[in-house]
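Structure first, commentary second.
The values are calculated or read from the model by the stated rules, or taken from the named source; none is laboratory data. Please read these numbers as outputs of a predicted model, since none were measured by experiment.
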Amino acid sequence: MKDIENIKKDNKRENQISKIIVDYRFKIYNKLGPGLLEFVYEKI
């Protein structure tokens with residue numbers, strides 16, 4: 001049963017990290033606007 005508990009804890013931690021990343025992605029998008037990615041691709 002400890003293996004299952006550890007898997008659940010790891011999944012919860014991954015979900016928390018994913019939420020943080022997605023939240024910051026939206027903050028950056030809202031602050032810089034939708035053209036950011038196009039600008040980056042043009043520079044490459």
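What to note about this one:
- Being at pLDDT 75 or above and among the β-branched types (Val, Ile, Thr) holds for only one residue in Ile44, Ile28, and it is Ile28.
- Residues satisfying the stated conditions in region 1-25, i.e. acidic (Asp, Glu) and at pLDDT 90 or above: Glu14, Asp23
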